[in-house]
Amino acid sequence: MPAFPAFPGAAREAVRDEVLRANLRNATHTIRDKRARAVAELADWDRLRAAGKAVKDHTLRHLDRYLLQLEAAVTAAGGTVHWAADADEANRIVTDLVRATGEREIVKVKSMATQEIGLNEALEAAGIAAYETDLAELIVQLGHDRPSHILVPAIHRNRAEIRDIFRAEMGNWGRPAPEPLDDDPRELAEAARLHLREKFLRAKVAVSGANFMVAETGTLVVFESEGNGRMCLTLPETLISVVGIEKVVPTFRDLEIFLQTLPRSSTAERMNPYTTMWTGLGPSRGANGDGPSAFHLVLLDNGRTDTLADETGRQALRCIRCSACLNVCPVYERAGGHAYGSVYPGPIGAILSPQLRGTGSAIDASLPYASTLCGACYEVCPVAIDIPEVLVHLRERVAQGGPVTRDGIRVRIRPAHGHTAERAAMRAARLLLDHPGALRAGERLLARARRLAPRRLPGPGRAWTDSRELPSVPAESFRDWWARERGNPQ
């Protein structure tokens, strides 16, 4: 993983970018308002949310059984299953599969998993060109940029910036942008369509992810809005799908829940324009039918089993990548996705990345603090991930250290650097709360000295009061008020 600065430094730089702030504000407000209207159409949304949570929790508790069932079903349908413990192994498997075809270029369906493992860079190092076909991913790739949003990777770009990228870079990757090219969305979309059409018709190998995998039938499912996924999943001769092991669901019937919740919670659509399902090669696939003649499924762990071992943190694996939490997060709206230093930005990235990668780096140790704990992310999550709970849990891990699972082994990690004052404050608070008499004495002393309370905190607390008012000290403690009004507390 490239070295990224800790979140506070990266965010401080991002909030100074007025164009970025405007792009993010306009996009996130539009998406979340549309989502709210789409969700409000369903009277049983809360029950769907609870059902999705239940299905995901059940699957995670029995993940070993469902993964073996999935492997058997995919194999019986003519596919080949590969197991990848980490990013290096997954990249090696995919690279070898592409090399075996003799091809030197591939087309890709938008995939968080392949971004997570750095597949494009691994293929490039092996002399294989990977072309993104999702419009937003294409913008990011042509701009030599990084994704900044789960659903809309180029959310930080406006139309004028996209026009300039197309003009400057399309010719270096294939068919040039038409001249003249304006920043009208229809012209930009047409330029991308013409550029990508050449890739679709020439490519012999495609790489995809999947939104869901059905253990019962071996079916993989991709939700998308543009049709590029359908082209990648049907035209090439070889299809390679890299999918995180948490994406499995037990039965085909379980998809009914997510067919309703994922489109509404992500793109605010009642149903995806394109929902593509395939089961191995199937009766109409292969040499005498439509679709690829070879299908490979790479099941990716890359820290997921370690995350599963954490009873509190494992709920992050319920995520269906809808991005609703990003669009309501006040921190993401101001800092943008790049500040998170991960393919998974926003609230879900703040709890998922430190678990998949560990908290050893400065960026991963800082991510659990990239939140106000306002709870808006939990309220909109279609599978009820309690992100604030996991954030607090991970903050404790960063500040205190303790037992965690790494590569399947239970180890004890040391506290992250820079949290000495926090640990001292927590120990002092614990000591005080364990001794009620000392707590009452401290409260009374503080109340009597309330006029001496500073307006700003010194030392490490200065950063907090730079942007907030220090609450005034009340004239008496709650205990004293209760005793005066209601009698002695029990």
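Filtering the range 91-103 to residues that are among the polar types (S, T, N, Q) and either on the phi > 0 side of the Ramachandran plot or open to solvent by less than 20 Å² (accessible area, probe 1.4 Å) (or both) leaves N91, T95. Cβ-Cβ contacts under 9 Å between residues 6 or more apart (or on different chains), taken from a first residue in the range 450-472 that is farther than 23 Å from T420 by Cβ and touching a residue at least 60 places away in the same chain (Cβ under 8 Å) to a second residue that is open to solvent by 100 Å² or more (accessible area, probe 1.4 Å) and in a helix (DSSP H, G or I), are absent. Restricting attention to the range 104-120 and to residues that are open to solvent by 10 Å² or more (accessible area, probe 1.4 Å) and of a type in the set (D, E, K, R), the residue that is nearest to N91 (Cα to Cα) turns out to be E116.
Flag: V109 matches the condition of being under 15 Å from V243 (Cβ atoms) and touching a Cys at 6+ places or on another chain (Cβ under 8 Å).
Does P236 count as assigned to a loop (DSSP other than H, G, I, E, B) and either over 18 Å from L300 (Cβ atoms) or open to solvent by 10 Å² or more (accessible area, probe 1.4 Å) (or both)? Criteria met by P236. Any residue that is out of contact with any Asp or Glu (no Cβ under 8 Å at 6 or more places or on another chain) and over 29 Å from H338 (Cα atoms) - is there at least one of those in the range 7-15? For the range 7-15, residues out of contact with any Asp or Glu (no Cβ under 8 Å at 6 or more places or on another chain) and over 29 Å from H338 (Cα atoms): absent. Where helices (runs of 4 or more DSSP H) sit wholly within the range 311-378, those with at least 2 residues that are within 18 Å of H156 (Cβ to Cβ) occupy 324-328, 330-335, 346-357. The residues of the range 446-476 that are surrounded by 10 or more Cβ atoms within 10 Å (Cβ to Cβ) and aliphatic (A, V, I, L, M), listed by number, are L446, A447, A449, A453, L457, A463, L470, V473, A475. For the range 1-52, filtering for residues that are small (G, A, S), open to solvent by 80 Å² or more (accessible area, probe 1.4 Å) and under 22 Å from the mean Cα position of the chain (by Cα) leaves 1.
Output yes when any residue across the range 68-90 is under 29 Å from S342 (Cα atoms), surrounded by fewer than 18 Cβ atoms within 10 Å (Cβ to Cβ), in contact with a Phe, Trp or Tyr (Cβ under 9 Å, 6 or more places away or on another chain) and modelled with pLDDT of 95 or more, and no when none is. Among the residues of the range 68-90, at least one is under 29 Å from S342 (Cα atoms), surrounded by fewer than 18 Cβ atoms within 10 Å (Cβ to Cβ), in contact with a Phe, Trp or Tyr (Cβ under 9 Å, 6 or more places away or on another chain) and modelled with pLDDT of 95 or more, which makes the answer yes. Mind checking which residues of the range 291-303 are at pLDDT 95 or above, open to solvent by less than 10 Å² (accessible area, probe 1.4 Å) and farther than 12 Å from L356 by Cβ? Within the range 291-303, F295, L297, V298, L299 qualify. Could you look through the range 388-409, keep only residues that are outside any helix (DSSP H, G or I) and free of Cβ contacts under 8 Å to residues at least 60 places away in the same chain, and pick out the one that is most open to solvent (accessible area, probe 1.4 Å)? Residue satisfying both the conditions and the ranking: I409.
Looking at the range 377-386, is at least one residue within 19 Å of R304 (Cβ to Cβ) and modelled with pLDDT under 95? Taking every residue of the range 377-386 in turn, none turns out to be within 19 Å of R304 (Cβ to Cβ) and modelled with pLDDT under 95.
The set of residues from the range 304-317 being in contact (Cβ under 8 Å) with a residue 12 or more places away in the chain and open to solvent by 10 Å² or more (accessible area, probe 1.4 Å) comprises T305, D306, L308, A309, D310, T312, R314, Q315. Annotation note: Cβ proximity below 9 Å between a residue of the range 361-375 that is more than 15 Å from G337 (Cα to Cα) and a residue that is surrounded by fewer than 18 Cβ atoms within 10 Å (Cβ to Cβ) and small (G, A, S) (sequence gap 6+ or interchain) occurs for S361/A3; A362/A3; A362/G9; A362/G418; A365/G418. Of the helices (runs of 4 or more DSSP H) entirely within the range 121-225, those holding at least 2 residues that are farther than 30 Å from L68 by Cβ and open to solvent by 50 Å² or more (accessible area, probe 1.4 Å) occupy 159-173, 185-202.
Every listed requirement among (1) under 23 Å from N120 (Cβ atoms); (2) touching a Lys or Arg at 6+ places or on another chain (Cβ under 7 Å) is met by A268 save one, (1).
Among the residues making up the range 109-120, those that are small (G, A, S) and not in a helix (DSSP H, G or I) are S111, G118.
With respect to the conditions (1) surrounded by fewer than 24 Cβ atoms within 10 Å (Cβ to Cβ); (2) touching a strand residue (DSSP E or B) at 6+ places or on another chain (Cβ under 8 Å); (3) part of a helix (DSSP H, G or I), G229 lacks only one, and its number is (1). Filtering the range 410-439 to residues that are among the charged types (D, E, K, R) and surrounded by 14 or more Cβ atoms within 10 Å (Cβ to Cβ) leaves only E422. Condition (residue is under 17 Å from the mean Cα position of the chain (by Cα) and open to solvent by less than 10 Å² (accessible area, probe 1.4 Å)) applied to the range 274-281: is it met by at least one residue? There is no residue in the range 274-281 that is under 17 Å from the mean Cα position of the chain (by Cα) and open to solvent by less than 10 Å² (accessible area, probe 1.4 Å).
Restricting attention to the range 191-208, the residues that are modelled with pLDDT of 95 or more and closer than 21 Å to A100 by Cβ add up to 5. Take N26 and tell me if it is modelled with pLDDT under 95 and among the polar types (S, T, N, Q). It is true that N26 is modelled with pLDDT under 95 and among the polar types (S, T, N, Q). Inspect the range 323-341 for any residue being out of contact with any Phe, Trp or Tyr (no Cβ under 9 Å at 6 or more places or on another chain), within 30 Å of T234 (Cα to Cα), among the hydroxyl-bearing types (S, T, Y) and open to solvent by 20 Å² or more (accessible area, probe 1.4 Å) and give the result as yes or no. No, the range 323-341 has no match at all. Restricting attention to the range 53-66, the residues that are surrounded by fewer than 18 Cβ atoms within 10 Å (Cβ to Cβ) and over 22 Å from the mean Cα position of the chain (by Cα) total 3. Against the conditions (1) open to solvent by less than 10 Å² (accessible area, probe 1.4 Å); (2) under 27 Å from V81 (Cα atoms); (3) modelled with pLDDT of 95 or more; (4) of a type outside the set (S, T, N, Q), D254 satisfies every one except (1).
The values are calculated or read from the model by the stated rules, or taken from the named source; none is laboratory data. These numbers were taken from a predicted model, which means no experiment stands behind them. Because the Cβ atoms are built from the backbone with ideal geometry, glycine has one as well, and the counts that use them run over all protein chains shown. In case anyone asks, the SASA skips ligands and DNA or RNA and just uses the protein heavy atoms, side chains included. Shrake-Rupley method; radii C 1.70, N 1.55, O 1.52, S 1.80 Å.
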